[in-house]
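Student: Handing you a structure now.
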Amino acid sequence: MARRNYEVVIPRQPDDMNKLGKNIIAKHTADGASSPIPATTASLLTDKLTEADNQFTLQKELDRNREQLTEDRNLILGIHPSQTTVTAGTVLFHLTSIRDFLLGHFRGAERNLGQWGFTVNSPKGVVQVEIPRNPDKLTKLVADILKKHDADKEASLLKVFDMAALKTLNDDAAKKRSDAEAANRNKEKATQARNLALGTAKGQTTKTPGTVAYLVRSVRDILLGIYRGQEQKLGDWGFEVNFNTTSGGGSTPTPPPPAPGG
């Protein structure tokens, strides 16, 4: 005699949990007074789903802010894909001008540029002073140049440049970076808060009270009691119901391997 087994899946991914919870509320609302789900359970589930949605909205907003701040920083530095070293008013523009000026001043003694923080390479005797495109390395180079300029005071070779403007740009870029990092930290907090509300955070299970997962499991158990023998009806509430048929005597024995050559 065959025995019918089934599994009613409760998802662990945040988006899937959120979708299932909303499907349950939609079905409960559509059924009205005939819904088998207690009103208190539906109300608690609605509140938790709203809490999770609010955190998800905040998470997306903070992520957009982080991306915008990062792009703004790159534009200030001059490393945005739309920019080149001749894009005026950027950190990279100023640094390229300073490098070329110093290369002209120290022609034949280019390693002196190391005093301003530049990295000087000379593969096969060809002098190369590359300006980094990495944001952190770029801002550090500016800091080294400003430090040397300030230390040299009136004797500074760079007094022909608007060093105050360069400092302002570098400070603005550093502020954008700091704000972007803060937005990212807050985004992670919002993500964690959402997962905690849904019950999908690390360490949580469907037995963790006060979560969407906990309430969804309660709904599943109520429906299994009502639809005993008709478990496929849980699909109307958004649950994934998997069925399989096995022998009533247990698992089917594994057949022996075929004989060699057979």
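The values are calculated or read from the model by the stated rules, or taken from the named source; none is laboratory data. Just so it is clear, the structure is predicted and the values come from calculations on it, not from any experiment. Methodologically, a virtual Cβ is constructed for each residue, glycine included, from the backbone with ideal geometry; neighbour enumeration extends over all protein chains shown.
Student: Can you report the number of residues in segment 68-103 which are basic (Lys, Arg) and either in a loop (DSSP other than H, G, I, E, B) or more than 18 Å from Asp171 (Cα to Cα) (or both)?
Tutor: Summing the residues that are basic (Lys, Arg) and either in a loop (DSSP other than H, G, I, E, B) or more than 18 Å from Asp171 (Cα to Cα) (or both) in segment 68-103 gives 1.
Student: May I pose another question? Based on this model, can you work out whether Ala165 counts as at pLDDT 95 or above, outside the structural domain of Leu20 (by TED's automatic domain parsing), among the hydrophobic types (A, V, I, L, M, F, W, C) and surrounded by 15 or more Cβ atoms within 10 Å (Cβ to Cβ)?
Tutor: no
Student: Which pairs do you get when a residue that is within 12 Å of Asn65 (Cα to Cα), found in segment 175-187, comes within reach of a residue that is crowded, with 17+ Cβ neighbours inside 10 Å and among the hydrophobic types (A, V, I, L, M, F, W, C), reach meaning Cβ atoms under 6 angstrom, with the pair 6+ apart or on two chains?
Tutor: Between residues of segment 175-187 that are within 12 Å of Asn65 (Cα to Cα) and residues that are crowded, with 17+ Cβ neighbours inside 10 Å and among the hydrophobic types (A, V, I, L, M, F, W, C), the close pairs are Lys176/Leu69; Asp179/Leu69; Ala180/Leu69; Ala183/Leu62; Asn186/Leu62; Lys187/Leu62.
Student: Let me ask something else. Go through the residues of segment 20-42 one by one and say whether even a single one is out of contact with any Ser or Thr (no Cβ under 8 Å at 6 or more places or on another chain), at pLDDT below 95 and over 30 Å from Lys176 (Cβ atoms).
Tutor: no
Student: Would you mind telling me which numbered condition in (1) exposed (fewer than 15 other Cβ atoms within 10 Å of the Cβ); (2) within 20 Å of Val212 (Cα to Cα); (3) among the aliphatic types (A, V, I, L, M) Ala88 fails?
Tutor: (2)
Student: Another question about this same structure. From (1) outside any loop (DSSP other than H, G, I, E, B); (2) in contact (Cβ under 8 Å) with a residue 60 or more places away in the chain, pick out the condition that doesn't hold for Gly210.
Tutor: Unmet for Gly210, out of (1) outside any loop (DSSP other than H, G, I, E, B); (2) in contact (Cβ under 8 Å) with a residue 60 or more places away in the chain: (1).
Student: Just give me the residues in segment 109-130 being under 15 Å from Thr96 (Cα atoms) and either of a type in the set (Lys, Arg) or in a strand (DSSP E or B) (or both), in sequence order.
Tutor: Val120, Gln128, Val129 - these are the residues of segment 109-130 that are under 15 Å from Thr96 (Cα atoms) and either of a type in the set (Lys, Arg) or in a strand (DSSP E or B) (or both).
Student: Is there a residue being in contact with a Gly (Cβ under 9 Å, 6 or more places away or on another chain), surrounded by 15 or more Cβ atoms within 10 Å (Cβ to Cβ) and of a type in the set (A, V, I, L, M) anywhere in segment 100-117?
Tutor: Checked segment 100-117: no residue is in contact with a Gly (Cβ under 9 Å, 6 or more places away or on another chain), surrounded by 15 or more Cβ atoms within 10 Å (Cβ to Cβ) and of a type in the set (A, V, I, L, M).
Student: Quick one: which residue in Glu188, Glu110, Glu181 is touching a Lys or Arg at 6+ places or on another chain (Cβ under 9 Å) and not hydrophobic (A, V, I, L, M, F, W, C)?
Tutor: Glu181
Student: Any residue that is over 19 Å from Val216 (Cα atoms) and either aliphatic (A, V, I, L, M) or touching a residue at least 24 places away in the same chain (Cβ under 8 Å) (or both) - is there at least one of those in segment 33-40?
Tutor: Yes: segment 33-40 contains one or more residues that are over 19 Å from Val216 (Cα atoms) and either aliphatic (A, V, I, L, M) or touching a residue at least 24 places away in the same chain (Cβ under 8 Å) (or both).
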